[in-house]
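Report on the structure given below.
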Amino acid sequence: MCSFAGGVILLALAFVGLGSSVAPRIMGVQPYAIISGSMEPAYPTGSLVYAQPVSGEDLQLGEVAAFWRDGDVIVHRVNSIDATEKEIVTKGDANDDVDLRPVSYRDVLGRVVFSVPYVGYFLMALGSLEGKLLLGWVVLMGAALCILGSVLNNLATRQGSENS
C-alpha cells in the first residue's frame, strides 16, 4: 500500500501529464505552451492552449490561430485575411502592431479552442534538462514514499500479530 504522500505525488503527476498532453491529443486537439506575453490578458504566459487542427482558409477574423513561424509555434489572433494570396495577418493581443509577415495558409496548425493557465510552465520545464531531472527526482521520491508506506504497514501488521 502506498503512503498517502507518495500516492498523491504520483497521482498529481499522472493527472497533469495525461490531462494536459495525452488526453487532448486523443480528443483531436494539440497543446501549445504560451511562452511570451504577446497574447495577454487572454492567454497569459505559462498558459497551455489547445488548438483544433484546421486549414488556413477555415479561420475567421478574431479567432486565435496557432501557426509555424521560423521553426517555432506562434499563437496570435487573426487580424485580416487575404484569400487571394492565401494568407492571414496576425497580431498578438498585447502588441501595438500587426505581425510584420503574413502567415501562409499552409503554415496554420489550428484554431485555439480552450486554454488552461499555468500548466504550460510544467510542460516548458520538461523541455529542459533541469526540468527532466527534477521530474525524475519527484517520481523517485513518490515511489520511495510508496515503498516506505508499504514497509511500515507490513511492520505494523507483523508487530500487531506478534502482540496478539
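Each reported figure results from applying straightforward, stated rules to the coordinates on display, with no laboratory input. The structure displayed is predicted, hence computed values, not measured ones. Note: ideal-geometry Cβ built from the backbone for every residue, glycine included; neighbour counts use all protein chains shown.
Near residue 97, within a Cβ-to-Cβ distance under 15 Å, what is the net charge of the other residues, with Lys and Arg +1 and Asp and Glu -1?
So the surrounding residues net to 0.
Once the cut-off is 19 Å, how many percent of the Cα-Cα pairs in the range 100-162 end up in the long-distance tail? Intermediate results must be reported in sequence, preceding the final value.
Numbers: 1288 of 1953 pairs.
Summing the P(r) of the range 100-162 above 19 Å gives 66 percent of all pairs.
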